[in-house]
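The block underneath contains the structure these notes are about, expressed in structure tokens.
The values are calculated or read from the model by the stated rules, or taken from the named source; none is laboratory data. Keep in mind it's a predicted model, so treat the numbers as computed, not measured. Cβ atoms come from the backbone with ideal geometry, glycine included; neighbour counts cover every protein chain shown. Side chains are part of the model used for accessible areas, which takes the heavy atoms of the whole protein and leaves out ligands, DNA and RNA. Shrake-Rupley method; radii C 1.70, N 1.55, O 1.52, S 1.80 Å.
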Amino acid sequence: MNKTAQNTIPVIAVDGPSASGKGTVAQLVADKLGFGYLDSGALYRVVAFATKQNGIDWHNAEAVAACARKLDIQFKNEQIYLNNTDISELIRTEEMSKGASQVAVHAPLRAALIDLQHKFRQAPGLVADGRDMGTVIFPDAELKIFLTASTETRAERRYKQLLGKGLPANYANILLDLQERDARDKGRASAPLVMAADAILLETDNLTIAEAVNTVLQNFEHKKLNKNCK
Ligand code: CDP
């Protein structure tokens, strides 16, 4: 498909900080609409994982980007493969969360991942979740949602999530880690975490997942109706 045709495919951009629930909400919205789903954070996690395996320092912008350009990353049936090996679980550790947020500050790496992300824009539509979906990767997205919650709510969610998986969890450490990652995501020069001017703010402290999903779906319907009337 040529670029012009691809740019008419609807995108719903769901951005926000860590543990705001955007991954869960974005995936459910994609399922409801029969759209594809892009978990852009997983790409930064894969890069953190692969560079660590290759002994590359996460602070070395050029070396990290050069490694990323060579990676064969595939998403198949909700699993992520690196060079044909399923690494879905290996990239979800707290170490890789930290690593992803560290490599994500590098502009050359972010540039290296742009085309790969654009390829996810396939008919009938895409729900893309991350930090810069509405601001940098899909600035023409039909609907932009900025999903957030207080740091305490997000830390509590992450804490319960880890306990639910039978993993060790310490609330104070999780809170500190979220604050560090928020500061890094918001403070970086390249594609910082910021709400797009035309995004809709969705605070999820007092919303269930189903309520957040319905709000996104209603806003999408609303946008479509408005477009038809123009
Ligand atoms: O699960 P969580 O929300 O904590 O993280 P994630 O969405 O898997 O993303 C991991 C890290 O990648 C984040 O802390 C961000 O620093 C970075 N990231 C980014 O810079 N840009 C994106 N579009 C997505 C993630």
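Tabulated data
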read-out: Assigned charges on the beta-carbon of Lys, Arg, Asp, Glu; segment 91-222 dipole about Cα centre (debye); value: 460 debye
read-out: Rg followed by Dmax, in Å, when the chain is reduced to its Cα trace; value: 17.3, 56
read-out: Separation of alpha-carbon centers, segment 152-168 and segment 63-121, rounded to whole Å; value: 24 Å
read-out: Kyte-Doolittle mean at least -1.0, axial Cα span of 15 Å or more - DSSP H helices of the chain; value: 22-33, 40-53, 171-187, 209-229
read-out: Gaussian network model of the chain, Cα within-10 Å springs - most flexible of Ala210, Ala149, Ala13; value: Ala210
read-out: Percent accessible area from carbon and sulfur atoms, the chain, protein chains only, probe 1.4 Å; value: 53 percent
read-out: Order by protection proxy (mean Cβ within 10 Å, highest first), peptides 76-88, 99-111; value: 99-111, 76-88
read-out: Segment 88-171: GluC sites (Glu not before Pro) in DSSP loop, at most 12 other beta carbons within 10 Å; value: Glu89
